[in-house]
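To start, the structure itself, in structure tokens.
The values are calculated or read from the model by the stated rules, or taken from the named source; none is laboratory data. Worth saying up front: this structure is predicted, and the values here are computed from it rather than measured. Using ideal geometry, Cβ is built from the backbone for each residue, glycine included, and neighbour counts are taken over all protein chains shown. The accessibility values were calculated without ligands, DNA or RNA, using every heavy atom of the protein model including side chains. Shrake-Rupley method; radii C 1.70, N 1.55, O 1.52, S 1.80 Å.
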Amino acid sequence: MNSASESPGNQSRRSGVRGSGGGRHRGKSLASLVLVCLLAAYALLQPELNSRFGWNLPGLPDGTSQVEPGSRSPDNGGVLAPRARNNQPAANQPTAKATVRPDGHDADAVEADSGNSAKNPPGDVRNQRNNPRSDPGSGPTTSDPDRWQDYLKSIGADRYRSPEGLLYTPGSAEGHRLEHLRRHTIDQPERPGPHGVFDGGMLGALQTIDSAYAKSKRGIQTTKRTDQGRTIYTVDLGHRVGFVGGREGQRRRHPMARRVRLVLEDARVITAYPL
Amino acid sequence: MHSVAMCPICQAGLCGIRICTGDDPLVPAPRGGFLLCDECEAIWMSPDVTTAHHYPSSESPECPICHGDLWGNSVWADNQQIQSLGWSQAVNPDLDQTATGS
Ligand SMILES: [Zn+2]
Ligand SMILES: [Zn+2]
């Protein structure tokens, strides 16, 4: 907010200085003031319009429309068509395996606490428990789409806990629940039936799942089923969290998803996907 | 992967036919079949998802036939294996996965 309204002011001041004296210059600076106001209004309205109407208006290039830290998200996810969606490396790597790292993580790898014996999880969740900023729940790095690894806390060999208390542990055909979750960050158009795909890559998925879990604990817009130690929650998050892919999604032209199904064993995530 | 049905429990998984291969390649495989949901991991011991199901342990899942490691000791059954189980009639060809997923 501030940045959007401040920078036009600065710019107009600057243009006023440059256009020193003369009615023509004054007219010019008035015109540029109007232009700046229009741009500022656009910068303020653009995200709102995008999220409300599902439009895809472009942001301003100079940072006046920057997204505030922590406000990832549904907004961004909501404006993107399923195929054009990804600006997240994780989601762009349908074939990514445990050994493949998203680009640009060398520096991060250096940061990681090598003193901890916990192994890095599949899908290259690196050990970030040394992170001194980790006040629970605040998600200090959640505005950076590359840093979904930071979202989870290592709690032992291949075991990770989310800020809401969900556990991601070894298991599933993929070897680790996080690897299974990765399947739900990309469409599988050939897969029979529906295939829920989270917006926002791995970080988006983890945050959405946490939101759903938080809501489910309070019983808000949640249906709950229990079966032999499993709990299956279906939570309506009230906004877009992904889309329906797979063959069924394709047939239905990829409808947006605003519900999440969580299949849990206590706090352990077995699987989770949008629907 | 050849499947019998969409999972009635999670509604998103495919109930594929797996066959136990046992853990010792020198010993004839036990060759029992079961259904496994590839999403929620529910298991059925017959090719019919209206029968009783159970869940394997989430962190140390066992093959329900030989009780070895679920993923190491069983595979998604191919057509020949499905035939040998006598379960061919149960397969829903509309749910066959093309290419990936074995
Ligand atoms: Zn077995
Ligand atoms: Zn299932």
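Here are the numbers for the structure shown:
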item: Distant-in-sequence amide H partners of A:Leu275 (H built 1.01 Å from N, under 5 Å); result: A:Arg258, A:Arg259, A:Val260, A:Arg261
item: Under Karplus coefficients 6.51, -1.76 and 1.60, residue-wise ³J(HN,Hα) of segment A:226-237 in Hz, glycine/proline x; result: 10, 7, 6, x, 9, 10, 10, 9, 10, 10, 8, 8
item: Modelled label reach - B:Asn92, point 7 Å along Cα→Cβ, segment A:218-259 residues with backbone N closer than 13 Å; result: A:248
item: Amide proton proximity set for A:Arg268, modelled H, under 5 Å, gap of 5+; result: A:Leu167
item: Chains A and B together, accessible area buried on both sides, 1.4 angstrom probe, square angstrom; result: 2100
item: Virtual spin-label span in nm between A:Asp266 and B:Ser46, 7 Å along Cα→Cβ; result: 3.4
item: ³J(HN,Hα) computed for each position of segment B:8-20 - Karplus, 6.51 cos²θ - 1.76 cosθ + 1.60, integer Hz, glycine/proline x; result: x, 8, 9, 6, 10, x, 9, 8, x, 8, 10, 10, 6
item: Hz values of 3J(HN,Hα) by residue in segment A:172-189 - Karplus curve (6.51, -1.76, 1.60), Gly and Pro given as x; result: 6, 4, 7, x, 8, 4, 5, 5, 5, 4, 4, 4, 9, 10, 9, 6, 10, x
item: Charge tally in the Cβ shell below 14 Å around B:Gln81, where Lys, Arg are +1 and Asp, Glu are -1, B:Gln81 excluded; result: +1
item: Fraction of accessible area attributable to carbon and sulfur, segment B:3-85 (%, probe 1.4 Å); result: 53
item: Distant-in-sequence amide H partners of A:Gly238 (H built 1.01 Å from N, under 5 Å); result: none
item: Exposure rank, largest accessible area first [A:Thr226, A:Thr208; 1.4 Å]; result: A:Thr226, A:Thr208
item: Test item: Cα-centred dipole of segment A:207-248, Lys/Arg +1 and Asp/Glu -1 on Cβ, debye; result: 100
item: Spin-label zone in segment A:260-275 - amide nitrogen under 12 Å from a point set 7 Å from the Cα of A:Lys217 along the C-beta vector; result: A:267
item: Extent along principal axes [Cα atoms of chain B; Å; largest to smallest]; result: 36, 30, 26
item: Charge sum, other residues only, whose C-beta stays under 12 Å from B:His54's C-beta, Lys/Arg counted +1 and Asp/Glu -1; result: -2
